[in-house]
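J.: Questions regarding the structure given below will be posed in turn.
The values are calculated or read from the model by the stated rules, or taken from the named source; none is laboratory data. The structure presented is a predicted model; accordingly, all values stated were derived computationally and were not measured. Here Cβ is always computed from backbone atoms with ideal geometry, including for glycine, and neighbour counts include all displayed protein chains. We work out accessible area using only protein heavy atoms, side chains counted, and drop any ligands, DNA or RNA first. Shrake-Rupley method; radii C 1.70, N 1.55, O 1.52, S 1.80 Å.
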Amino acid sequence: MAPSDFAKASIPDVVEQLTTDEAILLTAGVGFWHTHGVPRLGVPAIKVSDGPNGIRGNHFFMGTPAKCLPSATALGATFDPTLIEEVGLKLLAEEAKLKAASILLAPTCNIQRSPLGGRSFESFSEDPYLSGMIAAAYVRGVQSGGIGTAIKHFVGNDKENDRMGSDSVVSERALREVYLMPFMLAQKYAQPWSFMTAYNRVNGTHVSENAHILQEILRKEWGFEGTIMSDWFGVYSIDHALNNGLDLEMPGTNKWRTLNLVNRSIESRKVMARTVKERAKKVLELTQKCAQGAPEVLNGDGLEYTRESDADKALMRHIASQSIVLLKNDNNLLPLKPKEQGLKKIAIVGGNAKAIVLSGGGSASLKPSYFISPYEGIVEALGSDVEITYSEGARAYMQMPTLEYDIFTNEGKRGWLGEWYTHENDESMTPVDPPVKTQYIDETRLFISTSYPEGITKRWTLKLRGQLKPRDHDCDFEFGLISAGRAKLYIDDKLVIDNWTRQRRGEAFFQAGSEEERGIFPVKAGIAHSIYVEFCNVRGPADTDPDEAVMDANPGVRLGGAEVQDPDQLMEAAVKLASEADVVVAVVGLNADWETEGYDRTTLALPGRTDELVSRVAKANPKTVVVTQAGSSITLPWADEVPAIVHSWYLGNATGEAIGDVLSGKVNPSGKLSLSFPKSLEDVPSHGHFHTEHGRVHYAEDLFVGYKHYHHRKISPLFHFGHGLSYTAFELSDLKLSTPVVSQRDVEIVASATVKNTGSVPGTEVIQLYVTLPSTSPLTHPPLMLKAFTKVRDLAPGHSISATLKLDKYAVSYWEERIASWVVESGSYVARVGTSSAPENLVLSGQFVIENGFEWNGL
Ligand code: BGC
């Protein structure tokens, strides 16, 4: 019998035959990434995998190289559900199959209350409608390839610090209209196979045991029939979570739902055995969908593969370039055409130009199958026609850069050798010779949540040995060592960093890691200095926490390093190159240490002396183009000092290619900001109430999230939501609005407008429609709400086309708390149409009248 034969099984019959113990086992995972199989009844185990910008596979440590797509904010910036659906089907579903996974733990569609949210990069937009429509397209694409999705984190996980304990205190109306809306739209238009609950509480109760959210809203109102799974270690009870609707606890390590505890809960009548069977039934139904959707995954060898065709690479490059946003382009400095513009020399500066920055950090991170840096991409796009110089200028990293490309084995292979040692016994700190396993490792950030050698003791040691790539000059080299566990670094047998005897607790490795400890070693030209790191998975004593807790889930060690440079000299060198060049391209921004799961950012500013670098370079050369990399918004205090700014998010493997395509004009940019760029942190809607206070986060800005706040308060942001320029120009005219047709508790209104390309090159434009609810309404509403958008593609110069936008009841409804219902009021509505949410860009405006308002529930 093949595992996929379960596709044809009768679920009621299987449920009938399940023993209570089997039912209990089905309601929790096995290991990190699998569900429980019941071979006796032909029930296969299924594998799930992160998500959302690719499929990492089973292992953080020595993971299988994979395709890394642009961050979700970048996908949101395409405003292009058709393209997202194609990517879901052709890249994500296929990659899941290569990684032997049946469920993709994605998409993430929380809301960026603040760009400080550590995981802002992982969700599509600050706007619930855009977020929901892109999420629906993502889900449709992946699921049409036979792979399930687990849409997450349902709901209110809008920040990272204290995410397991924090309580999102939010009005029911804002919850419905803002935070639940992306999930609701995805459910309406795409029916995800599963929902993943958020870590946090909402209005007092953890979502994984929240009857209002799981039962009343998701199950009853939205009619969701799929499976509800927890976030990893996001279950905090046995009976509450089972009774209130959580079907599957993940992962299966350290779980609550053990045979012992659940049977005791049944005996004590805290949980009914039939409830456990109902939950198990949902897991069986999910398993069956997987068997039907992609039987080849269940019947396959279970191994993970890396593969990409030229077509895959082209699609990765295309989606990346489509998400890039041209923020500013004075005097048409871009695109760069060296021959036509007589450019002889381009200086590339900035800490991100050569760095490996491709996604945010945390569970979204993966090992890319290839990576093209911005520097490489620009050289490929322009280098044949012009001389390109480079200088880092200012350092942008938080932690020392990892050394995968700087450490070699004795045989000259990139990476180092690891020797695993058991200890004398589970309590002992003494490793025993000989090593139980010797392993080649090509990473210097090792997050060892899986893949331990067989027979390893609870406490163990890993010894890592390699050589530093010889330099061509004498220099001081600074190393940084972080460990979730304890670690020491020796260079040429000399102790350089002791992160063992005494530790400072830090935030790395999902908050299990230490602070980075640094040490400097004088490196000699031409010498391959030996590097030795000893790591043990037991934390060292710290002043704040003298306990020696074994890291049984998240041990990790990270070695980074870079040549010591005088910051002033670094800066001067870049400024000098800038002054000698015809054009400067400054590539600056954040990386996966600044934007990551586990902690929030503390500032919107760029790191270190980056802002000073941009200002100084721009002064030295007025033709300075700035390319910014960040998954969310950042402040750009020098925005007025430079003629051109290109925001490029995190773009995955094809980063440099896509940047090169846009700078050279091979691709005419059409991306639009999926979130507002404020002038300062103080302008952000949730400023002052973003963090938890005594465990509670007050969503005091209520409905006024993102651009709705800026419009409401008449605060101008630096760049508006929906903003994005093109190398051509468009003119909008002739807005027509149909008379609303109300029937069967829905409404249909069709808007159309003429779009003309008035520039000189073909271009693509996003037409956006914002609705204002009737001024006669007894309630306060955000002044403008995005309710429809469409993309006009490759319009030739001089040509016009009619763009059509459709509105339904979602465009005109608000949540009425007193009657727990959506309401469409009778009255006069305003529709404003333009190419961004900036008032000056909303050039068309019209009114439509709904004569007979109505109330509705459900979807
Ligand atoms: C994250 C989820 C992820 C899960 C599995 C959690 O830490 O919040 O988004 O899917 O881990 O890696």
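J.: I'd like to check one number: the per residue accessible area of the chain, probe 1.4 Å, reported in Å² as a whole number.
T.: 36 Å²
J.: Next question, about the same structure. Can you compute 3J(HN,Hα) from phi for each residue in segment 58-68, using the Karplus curve 6.51 cos²θ - 1.76 cosθ + 1.60 with θ = phi - 60°, rounded to whole Hz and x for Gly and Pro?
T.: In residue order, the calculated couplings are 5, 10, 6, 8, 6, x, 7, x, 9, 6, 10 Hz.
J.: For the chain, compute the orientation-averaged projected area of the C-alpha convex hull (one quarter of its surface), in nm².
T.: Result: a mean projected hull area of 36.2 nm².
J.: Further question: Under the 0.36 nm per residue contour assumption, what length would be gained going from the current alpha-carbon distance of H212 and R504 to full extension?
T.: Between H212 and R504, full extension yields an extra 101.0 nm.
J.: Using R₀ = 30 Å, calculate the FRET efficiency as 1/(1 + (r/R₀)^6) where r is the Cβ-Cβ separation of T602 and E427; round to 0.05.
T.: With a Förster radius of 30 Å, E is 0.15.
J.: For segment 428-525, which chymotrypsin sites (Phe, Trp or Tyr not before Pro) are both in a DSSP coil and crowded by at most 12 other Cβ atoms within 10 Å?
T.: none
J.: Can you show me the helix-derived [θ] at 222 nm for the chain, built from DSSP H runs with n ≥ 4 at -39,500 (n - 2.57) apiece and divided by the number of residues, rounded to the nearest 500.
T.: Roughly -5500 deg cm²/dmol at 222 nm, from the helical runs in the chain.
J.: Another one. Can you list the residues, at least 5 places off or on another chain, whose amide H is less than 5 Å from the amide H of V30, using H built in the peptide plane?
T.: Counting only residues 5 or more places away or on other chains, the set is T35, H36, G252.
J.: How high is the relative contact order of segment 407-563? Use alpha-carbon pairs under 8 Å, at least six apart in sequence, and give a whole percent.
T.: Taking the mean separation of contacting Cα pairs over the length of segment 407-563, I get 28 percent.
J.: Here is a further query. Could you pull out every residue, at least 5 positions away or on a different chain, whose amide H is within less than 5 Å of the one on F154? Hs are placed 1.01 Å off N in the peptide plane, and Pro or chain starts have none.
T.: M196, T197, A198
J.: For the chain, with all protein chains present and a 1.4 Å probe, just round the carbon and sulfur fraction of the accessible area to a whole percent.
T.: The computed percentage sits at 49.
J.: Once the cut-off is 22 Å, how many percent of the Cα-Cα pairs in segment 191-280 end up in the long-distance tail?
T.: 21 percent
J.: Points 7 angstrom from Cα along the Cβ direction at T205 and A729: gap in nanometres?
T.: 5.7 nm
J.: Using 29 Å as the Cα-Cα cut-off, could you pick out the over-long pairs in K47/K666; K159/K367; K313/K413; K220/K367; K282/K313; K47/K67?
T.: Over 29 Å apart, Cα to Cα: K47/K666; K220/K367; K282/K313.
J.: To continue, here is another question. Full-extension gain between S144 and M164, please, as 0.36 nm times their residue separation minus the C-alpha to C-alpha distance.
T.: Taking 0.36 nm per residue and subtracting the Cα distance, the gain is 3.9 nm.
J.: Additional query: If you filter segment 397-494 for trypsin sites (Lys or Arg not before Pro), then keep DSSP loop positions with at most 13 other Cβ within 10 Å, what is left?
T.: K413
J.: Right, another one. Karplus couplings for segment 144-157 from phi (6.51 cos²θ - 1.76 cosθ + 1.60, θ = phi - 60°), rounded to Hz, Gly and Pro as x?
T.: 5, x, x, 10, x, 10, 10, 5, 8, 9, 7, 8, x, 8
J.: Give the calculated FRET efficiency between E278 and L779 to the nearest 0.05, with a Förster radius of 35 Å applied to their Cβ-Cβ distance.
T.: 0.35
J.: Would you tell me the accessible area of H691, worked out with a 1.4 angstrom probe on the heavy atoms of the protein chains, in Å² to the nearest 10?
T.: About 90 Å², rounded to the nearest 10.
J.: Mind listing which chymotrypsin sites (Phe, Trp or Tyr not before Pro) in segment 161-263 are in a DSSP loop and have 11 or fewer other Cβ atoms within 10 Å?
T.: Listed in order of number, the matching sites amount to none.
J.: Ordering Y405, Y129 from largest to smallest accessible area (1.4 angstrom probe), what's the sequence?
T.: Accessible-area ranking of Y405, Y129, largest first: Y405, Y129.
J.: Can I ask one more? Over all pairs of distinct alpha carbons, what does the Kirkwood formula give as the hydrodynamic radius of segment 407-563, in Å?
T.: After inverting the mean inverse Cα-Cα distance, the result is 15.8 Å.
J.: Of the beta bridges DSSP finds with both residues in the chain, what % are antiparallel, to the nearest 5?
T.: Bridges in the chain are about 75 percent antiparallel.
J.: Reachable aspartates and glutamates from K277, Cα under 19 Å, same-chain residues fewer than 8 places away excluded?
T.: Those aspartates and glutamates meeting the cut-off are D13, E16, D21, E22, E209, E225, D239, D247, E249, E267, E285.
J.: Compute the distance from the alpha-carbon center of segment 831-847 to that of segment 235-279, in whole Å.
T.: Segment 831-847 and segment 235-279 have Cα centres separated by 52 Å.
J.: Give the long-range amide H neighbours of Y390: residues separated by 5 or more places, or on another chain, with amide H under 5 Å away, using H modelled in the peptide plane at 1.01 Å from N.
T.: I348
J.: Give me a comma-separated list of calculated 3J(HN,Hα) values for segment 474-484, in order, Karplus coefficients 6.51, -1.76, 1.60 applied at θ = phi - 60°, integers in Hz, x for any Gly or Pro.
T.: 5, 6, 8, 10, 9, 9, x, 10, 10, 8, 9
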